[in-house]
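Report on the structure given below.
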Amino acid sequence: MRGNKWFAALGISSLLLGSALAGCSNSEESSSQTNSDGKTVVELNGWGSSPEEEELLKETITAFEEEHPNIQIKHEVIADQYMDVIKTRLIGGEAADVFYLDALDAPSLMQQDVLEPLNDYMTEDFDVGDFEDPLVNAFKSGGTHYGFPKDFSTLALFYDKQAFEEAGLEGPPENWEELREYAEKLTVDEDGDGTPERYGLGFAKELARQFYKFQPYGGKLVTEDGKAAFANEKSVEALKPIVDMYKNEKTAGLPSDVGAGFGGDMFGQQKAAMVIEGNWTIPFLENNFPDVDYGTSELPAINGEKATAAFTVAYVMNKNSEVKDAAWEFIEFMTGKEGMEIWTSKGFALPTRKSVADKLGYADDGLRSSFVEGASYAQPWQAGENLPIIMNNFDNQFVSALLGEQTLEEALKKAEDTANNEISSSN
Amino acid sequence: MNKKRITSILVYTILIGYAVITFIPFLWAVLSSFKPLSEIVSGITFIPENFTLGNYTEVFSREPLFFRWMLNSVIITACMVALNIVFNSMAGYALARIRFAGRKFWFFLILAVLMIPFQVTLIPSYLILKTFGWLNTYQGLIIPGMVNATFIFMMRQFFLNFPKELEEAAQMDGLSRFGTFFRIVMPLAKPALAAQAVFIFMSSWNDFMRPLIIMSDKDMFTLTLGLNTFKGQYISYWNLIMAASTLMTLPSLLIYAFFNRFFIKGVTFTGGK
Amino acid sequence: MEPAKQNEYSESFKPKKPKPKINPKAPKKHPMGKKLKESLSGYLFMSPTIFTLGIFVVVPILYALFLSFNDVDLLGGIGYEFLGLDNYTRTIDDERAKIALLNTAEYVAIVVPVQTILALLLAAALNSNIKGKNLFRIIFFLPTVTSSAVLTLIFMWMYYPDGLINNFLSFLHLPTYDWLSNPAIALRSIMIMNIWATAPFFMVIYLAAMQDISDTVYEAATIDGANWWQKFIYITVPILKPVTFFVVIMGLIGTFQLFDQSYIFSGGSGGPNSSTLTIVLLIYQYAFQSLDMGYASALAVGLAILIMVVTVIQKVFFGEEKLHD
């Protein structure tokens, strides 16, 4: 029995190894406030972004560290399920000193008292008035600032110039009715199988990309007390065009219909002649589809009104941080005029400070001006602490309205009822 | 004879058909990792037209910590496999063969813990690791995972089928329970142990959720966590994602191919004497 | 020595044959002492398990159990408010819980039998004298070694309307489907993927178990004129009963706890129209999105009880191999 010794050895060595591991837990003590050079270490958590953005972030951080030689920034990316990980670490009191927070999740964290109020840290020099109001207000509760927006993007229309030329169209559509006509002309279904090879319009079906349509029709996303409020005629009117275009006219398609990851991808692959997307699509197209000749414009008017959505992310400070002063210096730099200028210099994201936007001249930038223009009337993607629940239920039901499984009225009603039930039973 | 022939043709047809269904998607994924991005995006080519190794060198060069992550994964996985094999088999053996008080209770408990989804125990487990000061350490991943209820259960079911006479003979020869277990039972359980080794290796190697929450320091990432972070950043770079995915899958496949020989009929008993 | 031993061994698998020869020996020596010794060595063998599972699994579960009777605040200072059974009664009125339960039940009812039978048949085929079985074994195992995130990506690519599967179907002039966004089909798409990815895992377990069946059993049957199928049904399947018990229970647990695929396919919402909403996805939504840990824990406990009930039913239904007492 040759095997015996081998198994005995395996058993003993694994026992030894187990006890050795249990014994010496000194290997990587979680880093304390200072590193070996005596510098204060500030931990920063964020989600992963494109390599180009990552590079630029590194550059901005380096600029900060040069100005503050006594502080070292330890930046770690959370690979997936960002908010779940952040929440778990916050509960354990082990979250990073500074982390990214999407406006969507801000209300619940502000209410839960886990973020450091920043009012006492702010100085005259920081110049809060310089921020675009709707963006900075997304991280403010009862007069207290809990974070400052690092950048933002609005939605705009991307249109394929070549496709427009072929269809005999000049310039982007001015309003939604025009967009609908254009989409019909731009849709290409050569083999006539009912599945176009190129859709007139590519769009995203999530609430985050649809909610801004409610307002021009006099509807709204949530009530004063944070409950869903879209099950009414106004909202139906607002969403009906896109449902009709998808379901009946087949002039609008989803990225998943053509195997694309998101609208920008769909547009780059020329499977949609127009898409409604954010600023992040510009560098994406530049890198992956440099040959596509396109333009951007403000979103077509909805019911005679200008409307778009704004997405913004802030740097916030952990209330349990042990290096609050250093953490503040970092936030101050990153959201201050100097840091923001470096960070937004390449146009991956737009500056939330008016002065920086002026300085970088994005208002005159051919592709980016449409996004900057939108900032003044954009509706931030945020609506109280229940928005994640509302969003879930909307996303769940709206698809089936798109597919014609149920009418839009039914879908919205169902989404609202389920969401509000859930909200009232959890409180 | 003719009937036998038809059966065997039928069996081969089904096996080959199933193999094709299974193999094509993987072949596609692996082949894609040798294509430049433009080729993947531009449409469906199956075999790379412009064969390149560039995606792999790029993954290595863009992630300087690649080998560190690999080392972390190897250390953690090696410990997990060694500890699990011994501990799970011991527990499975006890539950199947030793008549001790409370045996039924423990067996039921082991089944019961499998039935609670981890989503609700994640936060309490995290808090416990924090209390021990094991966040961001190897032992934070290894110690809680050094036994596995699933495989205790599996080993118990295996040992139920085991020839009891061998153990009795060994005990007559004066071997203790421990001696019997390590010298007689374990060597005879090679197929089950090999299967277990493969599964533990895979689950530890591919584990994503636990390292994601426990390891906050990039130096301590496992390969799977690191490459997933990489994938998050290179979301539209399908060529690099496919290369990273292939790199993630390869070790498990090699381990399986290695242990596969233990499943081959006859090894158990011819090797026993 | 060897053949004799094997015969004895195979004897023990013949159904329901009384085995009186072992027990008489035991009472001779100090019965109490022996029992104590057995218990001692039992606990010695179990000690690493009791220690590890106790601290890292049972304690968290007890905590979750405690939470399920409370209204919980975890973020920003932990707070509990005792609710009694409120969280449990709340599940009764929860429309979404009902949908999730139905989806999950359908999923379990289809996936568990199919994957178990598929795994058994594949293992049996690969255990016979087939040429190239090593290659088959490796290819069949591919889906299991790949992490589920990568698998889901591959599948999404194959499932999308103009993807590989529809191309293939239209090539054969079969109807094509909207695999991912059609509520009537979305759950089926996940089922197909799940069966395909999990069956090889159980196949390997069956394969390993088949190594322990001795040839002599089959030889005797061959002499009696049994064909391959008869041997499979009357010898292999009964001997593998304990392993089948494992495969079925693990299949039940795995399918009742379906999460990854429906999370990735639906972007976490469980859509379209709740067609991919599963119980664990619901638990996840409550636990992390609304941080309603109390209710999430109640759902989890409910799910565990449900799995236990089903386990007991199937145990009664199939009967488990008795312990060799």
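Read the figures in this text as sums done on the coordinates, not as results from a lab. This one's a predicted model, so the numbers in the text were calculated from it and none came from an experiment. Positions of Cβ are backbone-derived with ideal geometry, glycine not excepted, and every protein chain shown enters the neighbour counts.
Details
- A:Ser426 versus C:Ile55: modelled label distance in nm, points set 7 Å from Cα along the beta carbon direction: 3.4
- The residue among A:Pro351, B:Ser125, B:Phe230 whose Cα reaches farthest toward the positive pole of the charge dipole of the protein assembly as shown, with charges on the beta-carbon of Lys, Arg, Asp and Glu, is B:Ser125.
- Taking a straight Cα-Cα cut-off under 20 Å and skipping sequence neighbours fewer than 8 places away in the same chain, the aspartates and glutamates within cross-link reach of B:Lys104 are C:Glu38, C:Glu320, C:Glu321, C:Asp325.
- The calculated FRET efficiency for A:Ala363 paired with A:Ala167, based on their beta-carbon distance and R0 = 45 Å, is about 0.90.
- Estimated vicinal HN-Hα couplings, Hz - the range A:309-317 in sequence order (Karplus 6.51, -1.76, 1.60; Gly, Pro = x): 9, 10, 10, 9, 10, 10, 8, 10, 10
- In the range A:134-211, GluC sites (Glu not before Pro) in a DSSP loop with at most 14 other beta-carbon atoms within 10 Å: A:Glu170, A:Glu174, A:Glu190, A:Glu197
- Cα gyration tensor, the protein assembly as shown - rounded (a/c under 1.5), prolate or oblate: prolate
- Electrostatic tally near C:Gly84: other residues with Cβ closer than 14 Å to its Cβ, Lys and Arg +1, Asp and Glu -1, net -2.
- Chain B: C-alpha gyration tensor shape, a/c 1.5 cut-off, then a/b vs b/c: oblate
- With both residues required to sit in chain A, DSSP beta bridges show an antiparallel share near 60%.
- With a Förster radius of 51 Å applied to the C-beta separation of B:Ala257 and A:Asp113, the computed FRET efficiency comes to 0.40.
- Pairwise FRET efficiency - C:Phe66 versus A:Glu305, Cβ, R0 = 56 Å, nearest 0.05: 0.60
- Qualifying GluC sites (Glu not before Pro) for the range A:226-333 [loop in DSSP, other Cβ within 10 Å: at most 13]: A:Glu322
- Around the amide H of A:Lys150, modelled in the peptide plane, lie the amide H atoms of A:Val313, A:Ala314, A:Tyr315, all under 5 Å away and 5 or more residues distant in sequence or on another chain.
- DSSP-defined beta bridges in the protein assembly as shown - what % are antiparallel, rounded to 5: 65
- Based on C-alpha pairs under 8 angstrom that are at least 6 apart in sequence, the range A:358-419 has a relative contact order of 25 percent.
- Amide N proximity, the range C:181-213 versus C:Glu106 label position 7 Å along Cα-to-Cβ, cut-off under 14 Å: C:181-192
- Cα gyration tensor, the range C:88-318 - rounded (a/c under 1.5), prolate or oblate: oblate
- Spacing of the modelled spin labels on B:Lys104 and A:Glu52, each 7 Å from Cα toward Cβ, amounts to 6.8 nm.
- Of A:Lys150/A:Lys337; A:Lys161/A:Lys213; A:Lys319/B:Lys218; A:Lys185/A:Lys247; A:Lys39/A:Lys346; A:Lys87/A:Lys414, pairs whose Cα-Cα distance is over 20 Å: A:Lys161/A:Lys213; A:Lys319/B:Lys218; A:Lys39/A:Lys346; A:Lys87/A:Lys414
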